[in-house]
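Below is one structure, written out as structure tokens; comments come after it.
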Amino acid sequence: MKAAQAAKSPRVLVIDVGGTNIKMLVSGQTEPRRYPSGPTMTPGRMIRVVREAVQAWKFDCVSLGFPGPIINECPLREPHNLGSGWMGFNFRKAFGCPVKIINDAAMQALGSYQGGRMLFLGLGTGLGAAMIVDGMLQPMELAHLIYKNGKTYEDYLGLRGLKRSGTKKWRKHVATIVKKLKTALKANYVVLGGGNSKKLKKLPAGARLGSNRNAFLGGFCMWQK
């Protein structure tokens, strides 16, 4: 009976596509593979990179975390920090298996959730955001809303903002924005993920540090019945 149940569990390849790196992990493995990303990373190139990196892994389906809004499991627009061609690309045909596509911040939020009203902010190349309320996931496009001085939340909290402001001022912006958004959205807690979250010396009140590995947990969850 146990063997029959195990056979029903698909081997999931999770791909977390970021503006700096593409990270990959398959069910049963513990060490992710990664490959540098950036403005020249098109979907076709991503497929080739992933296939080469995971050729020794077997998988039945794919969870793809995409850095942008998703409608009906399709990218709504081209990503800001990658190459073009993502809209309308046939990922199922390219991988030869079922593919579920989700916003990358939403995927990491799924793996970070511990109940209640959670706001997730991904501090990476850009700014990812998602909220989960009583188990219901809602990806959010906060990054390109105007924050102040004609600049967006991403302009202040993304990599460009970190380089422009310096680490000390950037940390202050993170604390201020986390407080504002937590209050406005009535979140019980805020999870801060993304590679640059490690640069925070002190966490804002009501916030905890996430882990990029939670993106893989979220990707695995997408195929659980």
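The values are calculated or read from the model by the stated rules, or taken from the named source; none is laboratory data. Here the structure is a predicted model, which means the values were calculated and not measured. Glycine gets a Cβ as well: all are built from the backbone with ideal geometry, and neighbour counts include every protein chain shown. For accessibility, only protein heavy atoms count, side chains too; no ligands or nucleic acids. Shrake-Rupley method; radii C 1.70, N 1.55, O 1.52, S 1.80 Å.
From Arg77, Arg45, Arg33, which residue is on the phi < 0 side of the Ramachandran plot and out of contact with any Gly (no Cβ under 8 Å at 6 or more places or on another chain)? Selected residue: Arg33, the only one of Arg77, Arg45, Arg33 that is on the phi < 0 side of the Ramachandran plot and out of contact with any Gly (no Cβ under 8 Å at 6 or more places or on another chain).
Residues in region 45-66 that are in a helix (DSSP H, G or I) and either among the β-branched types (Val, Ile, Thr) or open to solvent by 10 Å² or more (accessible area, probe 1.4 Å) (or both): Arg45, Ile47, Arg48, Val49, Val50, Arg51, Glu52, Ala53. On the basis of being surrounded by 15 or more Cβ atoms within 10 Å (Cβ to Cβ) and basic (Lys, Arg), does Lys23 make the cut? Judged against the criteria, Lys23 is a match. Of all residues in region 173-184, one or more are in contact (Cβ under 8 Å) with a residue 60 or more places away in the chain and open to solvent by 40 Å² or more (accessible area, probe 1.4 Å). Going residue by residue through region 67-82, is there one that turns out to be farther than 27 Å from Met131 by Cβ and crowded, with 23+ Cβ neighbours inside 10 Å? The answer is no, given that none of the residues of region 67-82 is farther than 27 Å from Met131 by Cβ and crowded, with 23+ Cβ neighbours inside 10 Å.
Here's the yes/no breakdown for (1) at pLDDT 95 or above; (2) farther than 17 Å from Pro75 by Cβ; (3) open to solvent by less than 60 Å² (accessible area, probe 1.4 Å); (4) of a type outside the set (Lys, Arg):
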| position | (1), (2), (3), (4) |
| --- | --- |
| Gly116 | yes, yes, yes, yes |
| Glu141 | no, no, no, yes |
| Lys148 | no, yes, no, no |
| Trp170 | yes, yes, yes, yes |
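Here the condition is being within 19 Å of Gln224 (Cα to Cα), in a loop (DSSP other than H, G, I, E, B) and out of contact with any Phe, Trp or Tyr (no Cβ under 6 Å at 6 or more places or on another chain); of Gly28, Gly38, Gly19, it holds for Gly28 alone. Figure legend. Inter-residue proximity from region 187-204: first residues among the aliphatic types (A, V, I, L, M) and modelled with pLDDT of 95 or more, second residues open to solvent by less than 10 Å² (accessible area, probe 1.4 Å) and in a helix (DSSP H, G or I), beta-carbon distance below 6 Å, spacing 6+ or different chains. Indicated pairs: Val190/Val178; Val191/Ser112. The helices (runs of 4 or more DSSP H) falling completely within region 119-225 that include 1 or more residues that are farther than 30 Å from Gly28 by Cα map to 153-157, 159-165, 167-184. Picking from residues in region 1-20 that are modelled with pLDDT of 95 or more and not β-branched (Val, Ile, Thr), the one that is most open to solvent (accessible area, probe 1.4 Å) is Arg11. Of the residues Lys93, Lys100, the single one that is touching a Ser or Thr at 6+ places or on another chain (Cβ under 8 Å) and modelled with pLDDT of 95 or more is Lys100. Screening Met87 with (1) aliphatic (A, V, I, L, M); (2) surrounded by 14 or more Cβ atoms within 10 Å (Cβ to Cβ); (3) not in a strand (DSSP E or B) gives one miss only, at (2).
Go through region 185-207 and give me each residue that's farther than 23 Å from Pro67 by Cβ and either open to solvent by less than 20 Å² (accessible area, probe 1.4 Å) or within 13 Å of the chain's Cα centre (by Cα) (or both). Passing the criteria: only Pro204.
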